[in-house]
Amino acid sequence: MDKGLLKQQRFSFRKMKVGLASVAILFALAQLGQVSADETSKPVSSETVKTSETVKSPIEVATEEIAAESEKAVVKESEAKPGDLIEVSTKRSPIDVKESQEGNQKVHVETATAEVTKTEIAPAKAEEVPAPTTKTTENTVTAKDKDGNSYTQYERVDKTTTVEITKTAPTVTKAGAADIVFVIDRSGSMGGTINIVRKNINEFARNLAKDGVAARFGLATFSDEVYGRKRGKTDEGTILTKFNESYFTSDPAELEKALAGIKIAHGGDFAETSTPALTQIVSTYDWSKSPKNKKFVVLLTDAPMKVDPSIPTIENTLASLKAAKIERIVATSTGTTISYKDFVSEGRLMNIDRNLADSLTKDAATWIVETVTEGHNYKVTKDNYQFYLERRTTLPIAQTGSATPTTTVPVATAYKKEVAKLPDTGSNDTANYGIVGLGLLMAGLGLSVSNRKSKEQ
């Protein structure tokens, strides 16, 4: 062998080893793992980039790209904002190697896959999901191996990118405590309903205890104080119930006793004066000051709110309740529901004549007990890499052992490509790097199998 050629080959081999070491270091530092995501059913578009000669091989470029993606910084999910990356993970397949001989050509084929999944917080408003795309990079080189045999080497990397938007289910937490004041209409028209009201409030209080809510209960009643002043009746005004030294009691039995003591008044005309009672409970009652305590008023009446210059306005009453962060539930008759449409919180409007037990003890109780936190929207981007490497080495006829071309193991792959005439790059380095590039890639991917994801405290 020519000494100059041998020297050139040794120099090329040294360069190859340096390049492989660099890639190995990149993957030794990477934290790689697995994550799963649903596949999209959208059609895949394709973009192909063909080069007869590249500075870096397709496998080398993909290797560096995967390493860079795997090292991206992540943010704790609890602190993440839309656009922040919260998880990066990678999974890989085993290398599939096939060897065969076609006539005087030795054929070496390697295939493998790798997948990088990135998860980030998506905006609350759903964004348009792009269709999957596929980018193909391929390269062919010709050179001679260390034995002086000519070969051609073909590399191909298909990168398919899919994006999907997912959303977690809302989380539900139980309230630690609640202050609940019942404001009850005791005008004459409530005479036939008051016993049903008593029964359902008692059941409501017991259900809260079963649900583990540390509730305190308050009670206020009203009729029509405007009518009472005009007629000289003293039993028409607001009555605030006190339990020992507080306007609240945590004992359902004490509440039951107070409910049993309600006496029906007259009430005068149709509309009743509920605004004085609602205003007074805001300023007079000793509500909990804990930020974890939820506050509610439950108004039970069969009449609309009276409007009169001598009593608080509906607008001012509503404003004071909102300012005190007191949520509002109203149970009223069918004909008066429209009067309270803008007064209640989150549409919590019930029919006092029908299904009060079910509404008050189930729907309202659930609302009081549960605090709902909306789930996150996630944008999941998945990059799937398919690697294909084929090397065809032309052997001297004498080495085949037979003058008759034979085929041992066929090359079975979707990426099988017969090369008719390939350009000569004149470089051993690129080709030598490529034949082991896929093996090195997959070996590097196998160094570590662990998720890089944000950790919650």
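Coordinate-derived values only; no laboratory data. In this text the structure is predicted, and so the values were computed from the model without any measurement. Cβ atoms come from the backbone with ideal geometry, glycine included; neighbour counts cover every protein chain shown.
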Quiz item: Can you list the HN-Hα couplings for segment 112-125, worked out from phi with the Karplus curve (6.51, -1.76, 1.60; θ = phi - 60°), rounded to whole Hz and with x for Gly and Pro?
Solution: 6, 9, 9, 9, 10, 10, 10, 10, 9, 6, 9, x, 4, 7
Quiz item: In segment 249-282, which GluC sites (Glu not before Pro) are in a loop and have at most 12 other Cβ atoms within 10 Å, using DSSP for the loop call?
Solution: none
Quiz prompt | Burial ordering of 71, 327, fewest other beta-carbon atoms within 10 Å first | solution = 71, 327
Self-check item: Residue exposure sequence - 238, 275 - by fewest surrounding Cβ within 10 Å
Solution: 238, 275
Quiz item: HN-Hα J couplings of segment 260-273 from phi, Karplus 6.51/-1.76/1.60, θ = phi - 60°, integer Hz, Gly and Pro as x?
Solution: 5, x, 5, 10, 6, 9, 8, x, x, 7, 5, 5, 10, 8
Exercise. Could you tell me which GluC sites (Glu not before Pro) in segment 152-208 are loop residues by DSSP with no more than 11 other beta carbons within 10 angstrom of their beta carbon?
Key: none
Practice problem: Would you please put 114-123, 317-326 in order of how densely packed they are, using the mean number of other Cβ atoms within 10 angstrom per residue and starting with the highest? | Solution: 114-123, 317-326
Exercise. Multiply the residue gap between residue 124 and residue 55 by 0.36 nm, knock off their C-alpha separation, and tell me the result in nm, one decimal place.
Key: 20.5 nm
Self-check item: Unit charges on C-beta of K, R, D, E only; dipole of segment 206-340, Debye
Solution: 380
